[in-house]
1. So is Asp66 of a type outside the set (S, T, N, Q), more than 21 Å from Val122 (Cβ to Cβ) and open to solvent by 50 Å² or more (accessible area, probe 1.4 Å) or not?
2. Within the bounds of segment 12-30, is there any residue that is within 17 Å of Gly98 (Cα to Cα), crowded, with 17+ Cβ neighbours inside 10 Å and not hydrophobic (A, V, I, L, M, F, W, C)?
3. If I ask for residues that are loosely packed, with under 12 Cβ neighbours inside 10 Å and either in a strand (DSSP E or B) or at pLDDT 80 or above (or both), which ones from segment 42-63 would you list?
4. Looking at Asp138, is it in a loop (DSSP other than H, G, I, E, B), open to solvent by 90 Å² or more (accessible area, probe 1.4 Å), modelled with pLDDT of 85 or more and not polar (S, T, N, Q)?
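The values are calculated or read from the model by the stated rules, or taken from the named source; none is laboratory data. Here the structure is a predicted model, which means the values were calculated and not measured. Cβ: placed from backbone, ideal geometry, glycine included. Neighbour counts: every protein chain shown. Surface areas here come from the heavy atoms of the whole protein model, side chains and all, with no ligands, DNA or RNA. Shrake-Rupley method; radii C 1.70, N 1.55, O 1.52, S 1.80 Å.
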Amino acid sequence: IDALSSLFPDDGFVAEESAADLLERGERRCVEAAADAAGFSVEQLCSIVDTRRPNAKRWWVLDPIDGTKGFMRGAQYCTALSLIDVYEGDYQREAVVGVLGCPNLERDGSLSGGSDGDGVVVAAARGAGCFLTPYAEDDWTPLTTTQRASWTDGLLIEGVAASHSD
C-alpha cells in the first residue's frame, strides 16, 4: 500500500481488515510476521494498512494474507490485490486488475505439499487476459480455460475452513 500510495496519491486503499481489528482479534503474531517480511515495524505496517481516501475514483483492495490459517501453518496462502474503478454518480464499480502472489505454489500452478513451492504470481487485467509467472522469473505464461460440455465436467474448488461454510 505504501508504494502504491506514493505512485497513485489520489487512489483509495482498502484492506480486508483494519490494523486494529487484526491486533484486537489476537492476530498480533501474524501482523508481526507480515511486518517483518515487509521490512516494517508493526506500527508502520498498521499505519499503511489503514490508509484511506474515501472520495477516490479508484480503489486498491488488498488482502495481505488470504488464507491466514494456511500462512500460520506454513502451508498455502496468497496475497491478493485488485484495482477497482468507481464511476461517478451511479456508484458502479468495475474490477480492472487482479493480482495473486502465491509463494507456496509450484511453477505449474499446482499445490505443493507444504511451504516449499517455487512461488508464482498470477495477474489479470480487463481486456488483456490472465498470466502466470514463477516468482524468480519474468516469464509470463497466458492462462486459458478449458472448454467443457457442461458444468458437471468441471472442477469446483472451495474453502475448507469450518467458518467459511454452512
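1. No; evaluated as a whole, the condition is false for this residue.
2. Yes - at least one qualifying residue is present in segment 12-30.
3. Answer for segment 42-63, where residues must be loosely packed, with under 12 Cβ neighbours inside 10 Å and either in a strand (DSSP E or B) or at pLDDT 80 or above (or both): just Glu43.
4. Yes; evaluated as a whole, the condition is true for this residue.
Here is a yes/no grid of residues against (1) assigned to a strand (DSSP E or B); (2) open to solvent by 50 Å² or more (accessible area, probe 1.4 Å); (3) modelled with pLDDT of 90 or more:
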residue	(1), (2), (3)
Gly109	no, no, no
Asp118	no, yes, no
Thr133	yes, no, yes
Pro142	yes, yes, yes
